[in-house]
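A short worksheet on the structure shown next.
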Amino acid sequence: MGEAQKGLLSVIEKLKGSTEQEVRIVLLGLDNAGKTTLLKSLASEDVNTITPTQGFNIKSVASHGMKLNVWDIGGQRKIRPFWKKYLENTDLLIYVIDSADKKRFEETGLELSELVDEENLKGVPLLIFANKQDLATASPASEIAEGLNLHTYRDREWQIQACSAVSGEGVQDGMNWICNNIVNKKK
Amino acid sequence: MAEDDSEWVLESIVGYLGSPEWVVPVTDFLENKCTVFDDEDENKLAYTEIHEQYKKLVEKLLENYMQEVGINEQQFLDACTSPFAKSKALEAVFQPVLATDDFQMFRSLMVHKNMELQLQALRVIKERNGALPECLTDGVDVMTELQQQEMKILQEVLKKSKEEYDEEMSRRLLLEKEVGSTSSGCSSKLMAECDEAKNTASALSQHISPAKVNSNPVRKEGSKTAATGGGAERSSSSKPTSDRGSDAVGARVLPAVRGPVKSAEPSISSSRHAGEQSNSSQTTSEAWLEEAHREAGFSKPYTELSTSQQEQLQQRAAYLRQQRDKLHALRKEQQKTKQSSLPEEAPSSPTPAPSTTPEAVGQSQRNGACSPPPTSPPPPPTPHCAPPAQHSSNQKEISAEEKKKLEKRKHLADKLKEEVIKK
């Protein structure tokens, strides 16, 4: 890690020399999956006034002695082409799925499979949040995992976590997995 | 590597970061690109692109420098991480370098720069006009007050009109009772009265065109017409007459209401603005659109816009570039006189070069579209008559948007003030 940046910029990166370990996390998924809600929930902010993201949001969360810089990039179709500009030096990918939006499971699966093929995300651990479990029509995480063929992913760590970003349920479990995984990987 | 070695390297680096070779291109970049950076919570996609450009610029500058001085990256790193580099004073010097690796830091640099420039513009306005236009200072929300006033007047007019109508009706009923039983001539009498109403109505609608009608008589006439017109409606024989009557009332009442509002609204009735309103409200709304798009930071692909919008955007972009260049020229001039000590931190001189002042003001006035020209007095309280009803609804739309803009601007002014006080 850190090798992706070359020359002087990597020097500047070291220059920061902060005592904390910084982790870059990118939060992606279709529009209306709940990425920004999840982000705000991670940062313990109000989740009631969220509008569709046209650009991107960043929050830094301290967890397990690490500084997690989480980048939430808008998921609308017209913004998705910009996703790959944010993947460089990513330590972990969070992919959010609206578990109640069965009609778009295929679409979200396609986007995810395109993402994991990106060079910049090679070997990068993947956490999938099966969001909106608070809705009655939500599919269980196991079903979604099957639909996404997650078991065929061999080149990276992955985990699927059922959650509700609105209620906060399951979010911390996901964060714990992230921290354990990053610590393992970085050491 | 020897300690003193990194010491001189550090000194040299710090010297370079304070020299014009570094400061001028970096400051130019910040000033050129900072316009889209606002302090909204959400980042625009354009920020990332600008950050990438910034990284390239800094990389190129530092590479050139290191080549020139003859140090390698390791020496650079050693020097910058040595204990000497950790002082508070040097932190600020290194900030623009570190901003390449830290988007958040870069963003705050840009937001700050944008505010700085806006503040500068505000100061220029103040110097030119003696005081800031009302819309750029805080105070009572003029618009709401005016709207309330407008509503009050409207209600009063309606009440008065109804009173007179009721009066007329009771009078008529009485008359009908008196006449109805005795003769069939009553219908002809009614007809005659209707004709009379018709005459008044048409006379009034002819009256509408002249621009200067005193508001009070107009209102009374309007309500009188309402009464007679309404009366005519009762007699089934003259539908067209009553229609006409009420039409005239509609046309009458609205201008009478608009009149006082306009006069009491110095911020809106600036010459440019008023001209725009009366010319075509479409131009105005397009201008808003354009403005809105600019404020949205071009997040929408340019190609999705219609050609006319593209054209307008281009015009706007060209205009902004021009204004920006002028501000730069001003800045550079100041920098030239102040290049001795860290020019980046140096406050710019309070008296701007006279050659650039008018343009800068032009920009600010354009941005703050509702600042009135200092010399023109508010228009006389006589109402401008005869805008068709549709037009006045357009005006209302504009004032709603205007209000939003005003609020936004006021908010910005507050922010700027806060920022200044903090510094």
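Of B:V124, B:A85, B:Q75, whose Cα points farthest to the positive end of the dipole of segment B:3-126 (charges on the beta-carbon: +1 Lys, Arg; -1 Asp, Glu; origin at the Cα centre)? After comparing all options, I get B:V124. The Cα atoms of segment A:142-187 give a gyration tensor whose axes a ≥ b ≥ c have a/c of 1.5 or more with a/b no greater than b/c, which makes the shape oblate. When Rg and the Kirkwood Rh are both derived from Cα coordinates, the Rg/Rh ratio for segment B:7-90 amounts to 1.05. For segment B:3-126, build the charge dipole from Cβ charges (+1 Lys, Arg; -1 Asp, Glu) around the Cα centre, then report which of B:T100, B:V111, B:V9 sits farthest towards its positive end. Checked the options; the winner is B:V111.
Helix A:7-16 axis versus longest C-alpha principal axis of chain A: approximately 80°, rounded to the nearest ten. Cross-link check: pairs A:K67/A:K132; A:K40/B:K33; B:K113/B:K415; B:K55/B:K88; B:K33/B:K86; B:K126/B:K417 evaluated at a Cα-Cα cut-off of 20 Å; pairs beyond the cut-off: A:K67/A:K132; A:K40/B:K33; B:K55/B:K88; B:K33/B:K86.
Pull out a ≥ b ≥ c, the square roots of the eigenvalues of the alpha-carbon gyration tensor of segment A:20-186, then state rounded if a/c is under 1.5, prolate if not and a/b is larger than b/c, and oblate in the remaining case. Here segment A:20-186 falls in the rounded category.
Taking a point 7 Å from the Cα of A:E169 along the Cα-to-Cβ direction, the residues of segment A:104-139 with backbone N closer than 20 Å to it are A:128-139.
Based on the convex hull around the alpha carbon atoms, segment A:65-150 presents an average projected area of 6.6 nm². As a proxy for reagent exposure, ranking A:K40, B:K332 by other Cβ atoms within 10 Å from fewest up yields B:K332, A:K40. Residue-wise HN-Hα couplings along segment B:319-334, as the Karplus relation 6.51 cos²θ - 1.76 cosθ + 1.60 with θ = phi - 60° gives them from phi, are 4, 4, 4, 4, 4, 4, 4, 5, 4, 4, 4, 4, 4, 4, 4, 5 Hz; Gly and Pro carry x.
In this structure the amide hydrogen of A:Q161, modeled in the peptide plane, comes within under 5 Å of the amide hydrogens of A:I128, A:F129, A:A130, none closer than 5 places in sequence on its chain.
Can you put B:K159, A:K103 in order of Cβ neighbours within 10 angstrom, beginning with the fewest?
Sorted ascending by nearby Cβ count, the order is A:K103, B:K159.
Relative contact order of segment B:3-126, taken over Cα pairs closer than 8 Å and 6 or more residues apart, is 43 percent.
Read-outs: derived from the displayed coordinates by stated rules, not from any lab. The model shown is predicted, which means the values in this text are computed figures rather than measured ones. We place every Cβ from the backbone using ideal geometry, glycine too, and count neighbours over all the protein chains shown.
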